[in-house]
């Protein structure tokens, strides 16, 4: 598979329970890490309520900006699970009973146990393709460049595995880290100048108790190593014993 220099993604988290604080979202961290491993850059994350027009507005905004959009939440059997309908309306598709999804539910629960609420999970936008759910059967789906997945973390993770076959890979993103026993303010000026010198290396400074973590990320391993070695030399001039760890 030919790799593109940069592939971008957005993430739309849907659910009142996230915004109320009742549920602690775990899907963002999982998605960010796994996209990075595929060379896909997660560029933006939005969180919206279970309100159709808000879902549609956010979805269309992300769809127009990025190569891929991933969503979590709102595809279950209850009245407030409105994501599938919102996606259908966003792209002017009918929400129809997907026969393949219906058969999956019948096989998992038994036909006599598929009530109206459960059958709701088989209603998908017309032309959507299914994302396998080996955990609880009810599938997610893909439409255009959008992957619509469940909010429950273990199901979200399983559905993401199903997404991979449809994803183009970007160039591998390499990461290096220098942990130092200095505060950010001491190295900020030199670190900023180094970033200007190496625009193709993304640099970030992250404080922790009694120190700072300097992180370097790039698809160009040579430039990454050059930038890191220059920072090491700068740190040794400031304080030879400042470096705690290089990884």
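The values are calculated or read from the model by the stated rules, or taken from the named source; none is laboratory data. All figures in this text were calculated on a predicted structure; none of them were measured in a lab. Counting neighbours? That spans all protein chains shown, and the Cβs are built from the backbone with ideal geometry, glycine included.
Each row is one residue, and each column tells you yes or no for (1) more than 14 Å from residue 149 (Cα to Cα); (2) surrounded by fewer than 21 Cβ atoms within 10 Å (Cβ to Cβ); (3) out of contact with any strand residue (DSSP E or B) (no Cβ under 6 Å at 6 or more places or on another chain).
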site	(1), (2), (3)
46	yes, yes, no
51	yes, yes, yes
58	yes, no, no
64	yes, yes, yes
69	no, no, no
72	no, no, no
78	yes, yes, yes
83	no, no, no
86	no, no, yes
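Against the definition (out of contact with any helix residue (DSSP H, G or I) (no Cβ under 8 Å at 6 or more places or on another chain), farther than 18 Å from residue 175 by Cβ and touching a residue at least 24 places away in the same chain (Cβ under 8 Å)), how does residue 16 come out, yes or no? So residue 16 fits the description; yes.
The residues in the stretch 89-101 that are touching a residue at least 24 places away in the same chain (Cβ under 8 Å) and part of a loop (DSSP other than H, G, I, E, B) can be counted, and the count is 4.
Of the residues making up the stretch 24-42, those that are assigned to a loop (DSSP other than H, G, I, E, B) and loosely packed, with under 15 Cβ neighbours inside 10 Å number 1. Per this entry, residue 133 is counted among residues that are assigned to a loop (DSSP other than H, G, I, E, B) and either without any contact (Cβ under 8 Å) to a residue 12 or more places away in the chain or buried (at least 19 other Cβ atoms within 10 Å of the Cβ) (or both). Does residue 11 satisfy the condition of being within 15 Å of residue 156 (Cα to Cα) and not in a helix (DSSP H, G or I)? So residue 11 fits the description; yes.
If you filter the stretch 102-127 down to residues that are in contact (Cβ under 8 Å) with a residue 40 or more places away in the chain and in contact with a strand residue (DSSP E or B) (Cβ under 7 Å, 6 or more places away or on another chain), you find that the one that is farthest from residue 62 (Cα to Cα) is 124. Of the candidates 179, 237, 245, the single residue that is out of contact with any strand residue (DSSP E or B) (no Cβ under 6 Å at 6 or more places or on another chain) and either farther than 30 Å from residue 134 by Cα or assigned by TED's automatic domain parsing to the domain that holds residue 128 (or both) is 237. No other residue among 80, 132 is at pLDDT below 95, touching a helix residue (DSSP H, G or I) at 6+ places or on another chain (Cβ under 8 Å) and in the same structural domain as residue 54 (by TED's automatic domain parsing) apart from 80.
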